[in-house]
Every structure is written in structure tokens, then in C-alpha cells.
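Here's the structure we're looking at; comments come further down.
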Amino acid sequence: MVLLMAIYGLRSADVANLHLGCPNIYNGTLAFSQTKTGNAVRHVILPHLGNALADYILNERPDSKTPLLFSRKTEKGCPLNRQRRREERLYAQQC
């Protein structure tokens, strides 16, 4: 998370709202819409960042039903963003 903010200057809300599909390993890009402005953003994934993301997803990311890239280890994979947590609870109740 810190690498994404330090290297690309992402806002914390943008990092918290990244989905698993945002880092595209096939074309080596990180693409998402900014939370604050809604602007589309696309960055080339640098090799060391790609390695860190792969390591996190494969070895560190908690098992979770959330589509978000980053989740909390202490809350059984709950999203970092409180609003997103509320939305997912409502979604889970509907299913």
C-alpha cells in the first residue's frame, strides 16, 4: 500500500478502493478511477512494485470474498474502507 502511495502518489482512499482486477498483469498496468475526482488513471507497473503486489496477493492477502485488493487481516478479510464495508454488508444481505 505504501509503495503505491509513494511511487505513484495515490490517495489513501484510492488505494483502499483498488479492486483485484486493477493491476493487470497481462499488459503491466494499474488502472482505476480516482475516488475523489472520478478521473480514469493508468500507470505502468514497475517491476519491483509488480513483485510486491504478486507477493501480497499470493502469500499475504487474507482469504476474503471482497473484490478489493487490500483487506484487513484482523477482521477476516474485511475491506479497509468503512463505506465499502457497509456496501458489502448490504450486498451480502441481498444475496
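Since every read-out is calculated from the coordinates, none of them should be taken as a lab result. Remember, predicted model here, so these are calculated numbers, not experimental data. Neighbour counts run over all protein chains shown; Cβ positions are idealised from the backbone, glycine included.
Once you sort the root eigenvalues of the Cα gyration tensor of region 1-75 as a ≥ b ≥ c, which label holds: rounded (a/c under 1.5), prolate (a/b larger than b/c) or oblate (the other case)?
oblate
Quick one: order 66, 35, 29 by neighbouring beta-carbon count within 10 Å, fewest to most.
Arranged by neighbour count, lowest to highest, 66, 35, 29 become 29, 35, 66.
State the extension gain, in nm to one decimal, for the chain segment bounded by residue 54 and residue 2, taking 0.36 nm per residue of separation less the distance between their alpha-carbons.
Result for the pair: 17.2 nm of gain on full extension.
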